[in-house]
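Contents: one structure, followed by commentary.
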Amino acid sequence: RRVKQVPIHQRDTTQVRQVACPLADVPVVGPDDALSDLLPRMTEATDGRALVVDGDRLVGLVSPSDVVRRLEIAALRPRRPEHI
């Protein structure tokens with residue numbers, strides 16, 4: 001989205017650092033962290049994305065569309081009957 005905001009005639013001279021999110025602003029999570037813990041940290045400032053890190057390795061990226069897809073899949077699954 002940030003790259004799209006750069007006028008076409010300026011893209012040859014615009015450096016990545018001029019449009020990139022500062023790493024300090026990007027949420028970083030582990031592969032086993034709960035989605036509910038991540039959601040409040042996904043902000044418009046980072047286009048709603050988060051880095052997934054396992055130790056010192058980048059293993060993925062979570063985007064808003066990933067979250068929506070996961071919620072849609074969960075909604076399609078049959079619910080277990082509640083036990084009283």
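The values are calculated or read from the model by the stated rules, or taken from the named source; none is laboratory data. Small disclaimer: the values here were computed from a predicted structure and weren't measured. As a convention, Cβ positions derive from the backbone with ideal geometry for all residues, glycine included, and neighbour counts pool all protein chains shown. Ligands, DNA and RNA are stripped out before the accessible areas are found, and what is left, the full protein with its side chains, is counted by its heavy atoms. Shrake-Rupley method; radii C 1.70, N 1.55, O 1.52, S 1.80 Å.
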(message) Being surrounded by 13 or more Cβ atoms within 10 Å (Cβ to Cβ), under 22 Å from V3 (Cα atoms), in contact (Cβ under 8 Å) with a residue 24 or more places away in the chain and out of contact with any Lys or Arg (no Cβ under 7 Å at 6 or more places or on another chain): is that true of L38 here?
(response) no
(request) Would you point out the residue of the range 1-34, among those that are within 17 Å of the chain's Cα centre (by Cα) and free of Cβ contacts under 8 Å to residues at least 12 places away in the same chain, that is least open to solvent (accessible area, probe 1.4 Å)? (result) A34
(request) Return only the number of the condition from (1) in contact with a Leu (Cβ under 6 Å, 6 or more places away or on another chain); (2) in contact (Cβ under 8 Å) with a residue 40 or more places away in the chain that D47 does not satisfy. (result) (1)
(request) Being modelled with pLDDT of 90 or more, under 8 Å from the mean Cα position of the chain (by Cα) and open to solvent by 90 Å² or more (accessible area, probe 1.4 Å) is the filter here, so list the residues in the range 46-65 that pass it. (result) L61
(request) Examine the range 20-28 for a residue that is aliphatic (A, V, I, L, M) and modelled with pLDDT of 90 or more, and state whether such a residue exists. (result) yes
(request) Considering only residues that are touching a Lys or Arg at 6+ places or on another chain (Cβ under 9 Å) and assigned to a loop (DSSP other than H, G, I, E, B), look in the range 21-30 and name the one that is farthest from Q5 (Cα to Cα). (result) P27
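Which residues, taken from the range 31-77, are in a loop (DSSP other than H, G, I, E, B) and farther than 29 Å from Q18 by Cβ?
Quick first cut of the range 31-77, residues in a loop (DSSP other than H, G, I, E, B) only: 31-34, 42-43, 47-49, 55-56, 63, 77.
Answer for the range 31-77, where residues must be in a loop (DSSP other than H, G, I, E, B) and farther than 29 Å from Q18 by Cβ: P31, D32, D33, A34, G55, R77.
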